[in-house]
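For reference, the structure discussed in these notes is given below.
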2 protein chains.
Amino acid sequence: MPIKSAGGKAVPKFKPVRRDPARTKLRILAAALEEFSRQGFAGGRVDVIARRAGINKRMLYHYFGDKQGLFREVMHRKMVQREAWLVGAPEDPLDILAYWFQVACNDTEWVRLLEWEALQLADAPLANGAKRRASCRRFMERIRKSQRLGRMPKDFDAGQMALTMMALTTFPLAFPQMTWIATGMLPTDPKFQRQRVKFLSQFAAALRPATQSAA
Amino acid sequence: MPIKSAGGKAVPKFKPVRRDPARTKLRILAAALEEFSRQGFAGGRVDVIARRAGINKRMLYHYFGDKQGLFREVMHRKMVQREAWLVGAPEDPLDILAYWFQVACNDTEWVRLLEWEALQLADAPLANGAKRRASCRRFMERIRKSQRLGRMPKDFDAGQMALTMMALTTFPLAFPQMTWIATGMLPTDPKFQRQRVKFLSQFAAALRPATQSAA
DNA sequence: TCCCCTAGTAACCGTCAAGTTACTTGTTGG
DNA sequence: CCAACAAGTAACTTGACGGTTACTAGGGGA
């Protein structure tokens, strides 16, 4: 029975609705991102992904092989997306703090994926390790340059500083309960986010080597 | 058949070995701490806990009701233990950084439990919320006092600063993959830990308001 | 037109894990 | 010494979950 039989408007010819592999794949990936971010890999339920994507579970295995394969694809796409996110960052490493924080606020799914990854590291070595390391190294170069220009204390180790900057921006979102304990707000609260942005600027300012104590 | 029948030495009378509820409970708790810390609540397997504790699974239900109850008890005991841990901390908030970091290094199980908790928050409100908040408030008072004494920038919000200090000390242990990406070492590596301690002191020093640039 | 590959579906399977049942064995107080 | 309760055990139940089987249906090219 063709679908146009019962209702009013006929389905437009130029865009097939009954079958649409690309759309199906995207729906699976979106649902999987949500589920894995919420529940982690082990806790994520394939049936839930399938139901939320509005597709049959079998299709998921058709396109991605197995749960592991689906997860890999989700992570890969997120990383690519993030790389694009981060090109618009400010030049000066200390100015980056507020920017990173705001990006993280708008991508809590990534923060949670990172966290699940952290808890499961031990088993697998590290997905995309070399690439991520290289990208961080590039950032460390910018830190060293900033140190040479006297815009950051010279004695800081660049790696430790990079790690610290991730900590400053990511921690409150990764540990909402700690954010609540310390501030009485959850990290999703816009009020908290404004306060944190302000704090991060003050913090960066305090870190700059004292050339002159400007008014 | 009594146990003394076969082997050589008889079991000492004054300490019953065949039955020892206290020991059994402790063994269960220890195994549960390890398992929950490794795998989280959802991922932790009751059978594994029972096997590692060398007891029958039924006893676990006997003493703790269910998996949830066992988990609660594990968390509760850890919190009590930690409270004791943290009384020996230095007076000055900035000096605390290195101390907190070293405590965390020796209690990675707790860091992981915190992390699992963070990922599952949403469902439950927060275990021991009021108490933890109060304890943090006390610490914030010390921050404010330090600010009054001119040992810390006066414009920092105390809550944000407390959160930041947790971030600086906990993040590298909570995200070993990030530590590796930034430094090429894992946070369990003694070399990394020494480097981090050094960095934290430098960092604290750089944060202190410039009274005089001492040699 | 018809063939064949791909998209899509429903029902099923083996396994695993939380929790229970029904039991045996040790300990202790009267 | 023995009843009664606590400690301990093995085998089972029930439900969920990852993955598969065996099928139907659409649609593009020869």
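The values are calculated or read from the model by the stated rules, or taken from the named source; none is laboratory data. These figures come from a predicted structure and were not determined experimentally. We place every Cβ from the backbone using ideal geometry, glycine too, and count neighbours over all the protein chains shown.
So the values come out like this:
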quantity	calculated
Meets criteria (hydroxyl-bearing (Ser, Thr, Tyr), exposed (fewer than 15 other Cβ atoms within 10 Å of the Cβ) and either at the interface with another protein chain (Cβ under 7 Å from one of its Cβ atoms) or at negative phi (or both)) for B:Ser201	yes
Only one of A:Ala89, A:Ala30, A:Ala50 that is surrounded by 12 or more Cβ atoms within 10 Å (Cβ to Cβ) and within 13 Å of DNA strand D (Cβ to nearest atom)	A:Ala50
Long-range neighbours under 6 Å by Cβ, at least six apart or interchain, first residue away from chain B (no Cβ under 14 Å) within region A:56-74, second near DNA strand D (Cβ under 6 Å from one of its atoms) and assigned to a helix (DSSP H, G or I)	A:Lys67/A:Val46
Cβ-Cβ under 6 Å pairs, at least 6 apart or on other chains, region A:26-43 side within 14 Å of chain B (Cβ to nearest Cβ), far side at pLDDT below 95 and within 13 Å of DNA strand C (Cβ to nearest atom)	A:Ala42/B:Gly43; A:Gly43/B:Ala42
Subset of region A:56-76 [small (Gly, Ala, Ser) and in a helix (DSSP H, G or I)]	A:Gly69
Residues within region A:135-154 that are part of a helix (DSSP H, G or I) and either of a type outside the set (Ser, Thr, Tyr) or in contact with a His (Cβ under 7 Å, 6 or more places away or on another chain) (or both), tallied	12
Candidate set from region A:174-198 (those that are outside any loop (DSSP other than H, G, I, E, B) and aliphatic (A, V, I, L, M)); member that is farthest from the other protein chains (Cβ to nearest Cβ)	A:Val197
Where A:Pro21 falls short, out of the listed (1) buried (at least 17 other Cβ atoms within 10 Å of the Cβ); (2) within 16 Å of DNA strand D (Cβ to nearest atom); (3) modelled with pLDDT under 95	(1)
Inter-residue pairs, beta-carbon under 7 Å, first in contact (Cβ under 8 Å) with a residue 60 or more places away in the chain and in region B:150-165, second assigned to a loop (DSSP other than H, G, I, E, B) and surrounded by fewer than 23 Cβ atoms within 10 Å (Cβ to Cβ), 6+ apart	B:Gly150/B:Pro209
Residue within region A:88-108 that is at pLDDT below 95 and within 16 Å of DNA strand C (Cβ to nearest atom) present	no
Count of residues meeting criterion [among the hydrophobic types (A, V, I, L, M, F, W, C) and more than 9 Å from chain B (Cβ to nearest Cβ)] in region A:128-138	2
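Each row is one residue, and each column tells you yes or no for (1) touching a residue at least 60 places away in the same chain (Cβ under 8 Å); (2) touching a strand residue (DSSP E or B) at 6+ places or on another chain (Cβ under 6 Å); (3) farther than 15 Å from B:Arg82 by Cα.
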{"residue": "B:Ala98", "(1), (2), (3)": "yes, no, yes"}
{"residue": "B:Leu114", "(1), (2), (3)": "yes, no, no"}
{"residue": "B:Leu119", "(1), (2), (3)": "yes, no, yes"}
{"residue": "B:Ala124", "(1), (2), (3)": "no, no, yes"}
{"residue": "B:Cys136", "(1), (2), (3)": "no, no, no"}
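Okay, residues lined up against (1) outside any helix (DSSP H, G or I); (2) buried (at least 21 other Cβ atoms within 10 Å of the Cβ); (3) within 9 Å of chain B (Cβ to nearest Cβ); (4) modelled with pLDDT under 95:
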position	(1), (2), (3), (4)
A:Leu119	no, yes, yes, yes
A:Phe156	yes, no, yes, no
A:Leu163	no, yes, yes, no
A:Pro172	no, yes, yes, no
